[in-house]
Amino acid sequence: MAIFYVVQHGEKEQHAGDPPLTAAGRAQARRTAGRLGSFEPNAVFSSPLRRARETAGIIASALGLTVGEDARLSERMNWDGRRPLEDFLADWHTAARHRDFVPPDGDSSHQAARRFQAFLDDHAQEPGSIVVCTHGGVTVDLLRTLAGEASLPDGLLEYGVPPCAITTLDGLLVVDIASVRHLR
């Protein structure tokens, strides 16, 4: 059974669409690559969104690997600027509270968790470890499904997953959630 190191993308620029990482986000990704190197991963996968691809690219380059993209790792919702940020955030919070709510520009929490879990299921029998660069919302959606809300650290639902935090899964068993020890 594969060990998955689920990495939240690094700090991103704050604007609509598909923003890149900031300089701090690139530095976070380099430090994360240093930590992940000790686990000798066999593969790196990423969401197709730029901030996750950039994070994955930095990690993969440091590890001598290539990046495979998979749309199932995309965020639950992505603000593209076509509607006011306040409306987007209201739908984001509604989707977080009511897991079956389907926002007009994204997936419900349950849908996002199912597609992420389908990715994991497809790779579960691969030997060794796999780095998965994705987003905070979909990671929390998955964790709520796999481990239940009571097992989530305080503040994770409200404040999200910190940049470049690593969540460790042994197959579908949650081992560690949103660790940032490697960034200190």
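The values are calculated or read from the model by the stated rules, or taken from the named source; none is laboratory data. Predicted model, so just to flag it, every value in this text is computed and none were measured. Glycine gets a Cβ as well: all are built from the backbone with ideal geometry, and neighbour counts include every protein chain shown. Heavy atoms of the whole protein, side chains included, go into the accessibility calculation; ligands, DNA and RNA do not. Shrake-Rupley method; radii C 1.70, N 1.55, O 1.52, S 1.80 Å.
Could you provide, to the nearest whole Å², the per residue accessible area of the chain with probe 1.4 Å?
Details: 8470 Å² over 184 residues.
Value for the chain: 46 Å² per residue.
May I ask you to compute the full-extension gain from His98 to Arg181, defined as 0.36 nm times their residue separation minus their alpha-carbon distance, rounded to one decimal in nm?
Numbers: separation 83, 0.36 × 83 = 29.88 nm, distance 3.14 nm.
In short, 26.7 nm is gained.
Considering just Cα atoms, how many Å³ per residue does the convex hull of the range 103-184 enclose? Don't skip to the end; give the middle numbers.
Numbers: hull volume 8.6 nm³, N = 82.
Output value, Cα hull per residue: 105 Å³.
Enter the mean projected area of the convex hull around the alpha-carbon atoms of the range 1-96, in nm², rounded to one decimal.
The Cα convex hull of the range 1-96, projected and averaged over all directions, gives 6.9 nm².
Between Gln125 and Leu65, 0.36 nm times their residue separation minus their Cα-Cα distance comes to what? Don't jump to the answer; show the numbers that get you there.
On the way: separation 60, 0.36 × 60 = 21.60 nm, distance 1.94 nm.
Residue separation times 0.36 nm, minus the Cα-Cα distance, leaves 19.7 nm.
Can you list the trypsin sites (Lys or Arg not before Pro) in the range 25-117 that are in a DSSP coil and have 11 or fewer other beta carbons within 10 angstrom?
Details: sites: Arg26, Arg30, Arg31, Arg35, Arg50, Arg51, Arg53, Arg72, Arg76, Arg82, Arg97, Arg99, Arg114, Arg115; in loops: Arg76, Arg82, Arg99.
Within the range 25-117, the qualifying trypsin sites (Lys or Arg not before Pro) (loop, at most 11 other Cβ atoms within 10 Å) are Arg82.
Got a sec to turn the phi values of the range 162-169 into Karplus ³J(HN,Hα) couplings, 6.51 cos²θ - 1.76 cosθ + 1.60 with θ = phi - 60°, whole Hz, x for Gly and Pro?
Those phi angles translate into x, x, 6, 5, 10, 10, 9, 10 Hz.
What percent antiparallel are the DSSP beta bridges of the chain, to the nearest 5?
That works out to approximately 45 percent antiparallel.
Taking H as built 1.01 Å from N, whose amide H comes closer than 5 Å to the amide H of Gly68, not counting residues under 5 places away?
For Gly68, whose amide H was placed from the backbone, the distant partners under 5 Å are Val44, Phe45, Ser46.
Given an 8 Å cut-off on Cα distances and at least 6 residues of separation, report the relative contact order of the range 1-145 as a percent.
35 percent
Over all Cα pairs of the chain, how is the pair count split among 10 Å bins, expressed in % and running from 0 up to the last occupied bin?
All Cα pairs considered, the percentages come to 10, 40, 38, 11, 0.
If you take the square roots of the eigenvalues of the alpha-carbon gyration tensor of the range 48-154 and sort them as a ≥ b ≥ c, do you get rounded (a/c under 1.5), prolate (a/b over b/c) or oblate? Let's see the in-between values first.
Numbers: a/c = 2.22, a/b = 1.40, b/c = 1.58.
In terms of gyration-tensor shape, oblate.
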